[in-house]
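Trainee: Once you've had a glance at the structure underneath, I'll fire off some questions.
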Amino acid sequence: MNRLELVRNEIDTILLNRENINERPEGYIHLYGVAQNCSLLAIKRKLDIEISTIIGLLHDIYTYKFEYVKDHALLGATEAENLLRDLELFSEEEIEIIRTAISHHSDKKMIHDPYSELLKDADVLQNSLYNTSFEVKHRKRLKQAYRELGIKIKLKKKDGKKKDLDEEQNEEEVDMSHSLQKK
């Protein structure tokens, strides 16, 4: 079994051990969604796809293994590091890249190393796609991530105003403003 599948097995075990079974689907959707976005962005940015995918899978490990806390990124970085060391399949450099990206992922306003930025962008993309009626957070980062993927979007301004979709939309442009704000 390859390293990525071993990490997936560890994540699956953590999610299956969630006491509240209603939280399991959210965990699968979020962790696997962020991991897939990491893979896609890694291809675009010419970063290591396997390491990027593993970063996405492990980024909220603390939240799903224990509970959400404000410092879940820092605590999760330590938890991920311990898991990777226990597997004995990753180099020190790879563990440090993964640990660092996870530790920075909640700090979306600061710019960090390429893998940290990849994770932040993948997380924002997944959150925006999970339920498009949720409030858009980190609007600038989200728009830049979509633009990087060649997708033009229009987000409703904070005052709720938007232009007529028929006048604004063309074949290359997707308007998500009608649903990317909490109603």
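The values are calculated or read from the model by the stated rules, or taken from the named source; none is laboratory data. Everything quoted here is computed from the prediction, not taken from an experiment. Here the Cβ positions follow ideal geometry from the backbone for every residue, glycine too, while neighbour counts run over all protein chains shown.
Trainee: Check off (1) closer than 19 Å to residue 120 by Cβ; (2) basic (Lys, Arg); (3) surrounded by 17 or more Cβ atoms within 10 Å (Cβ to Cβ) for residue 46 and give me the number that stays unchecked.
Mentor: (3)
Trainee: Could you give every pair whose Cβ atoms fall below 7 Å, whose first residue belongs to region 51-72 and is under 17 Å from residue 38 (Cβ atoms), and whose second residue is of a type in the set (Asp, Glu), counting only separations of at least 6 or pairs across chains?
Mentor: That search, which allows pairs on different chains as well, returns 51/94; 59/123; 61/79.
Trainee: Still on this structure: Check region 22-34 and report whether any residue there is touching a residue at least 24 places away in the same chain (Cβ under 8 Å), of a type in the set (A, V, I, L, M) and either closer than 26 Å to residue 93 by Cβ or crowded, with 18+ Cβ neighbours inside 10 Å (or both).
Mentor: Within region 22-34, one or more residues are touching a residue at least 24 places away in the same chain (Cβ under 8 Å), of a type in the set (A, V, I, L, M) and either closer than 26 Å to residue 93 by Cβ or crowded, with 18+ Cβ neighbours inside 10 Å (or both).
Trainee: Follow-up. Considering each of 123, 113 in turn, give the residue that is surrounded by fewer than 21 Cβ atoms within 10 Å (Cβ to Cβ) and within 24 Å of residue 82 (Cβ to Cβ).
Mentor: 113
Trainee: Continuing with the same structure: Can you report the number of residues in region 133-143 which are surrounded by fewer than 13 Cβ atoms within 10 Å (Cβ to Cβ) and touching a residue at least 12 places away in the same chain (Cβ under 8 Å)?
Mentor: The number of residues fulfilling the criteria is 3.
Trainee: Still on this structure: Can you go through 57, 84, 6, 89 and tell me which one is farther than 21 Å from residue 126 by Cβ, of a type outside the set (Ser, Thr, Tyr), buried (at least 19 other Cβ atoms within 10 Å of the Cβ) and out of contact with any His (no Cβ under 9 Å at 6 or more places or on another chain)?
Mentor: 84
Trainee: Taking the stated definitions as given, is residue 43 under 25 Å from residue 129 (Cα atoms), at pLDDT 95 or above and more than 15 Å from the chain's Cα centre (by Cα)?
Mentor: Details: under 25 Å from residue 129 (Cα atoms): yes; at pLDDT 95 or above: yes; more than 15 Å from the chain's Cα centre (by Cα): yes.
It is true that residue 43 is under 25 Å from residue 129 (Cα atoms), at pLDDT 95 or above and more than 15 Å from the chain's Cα centre (by Cα).
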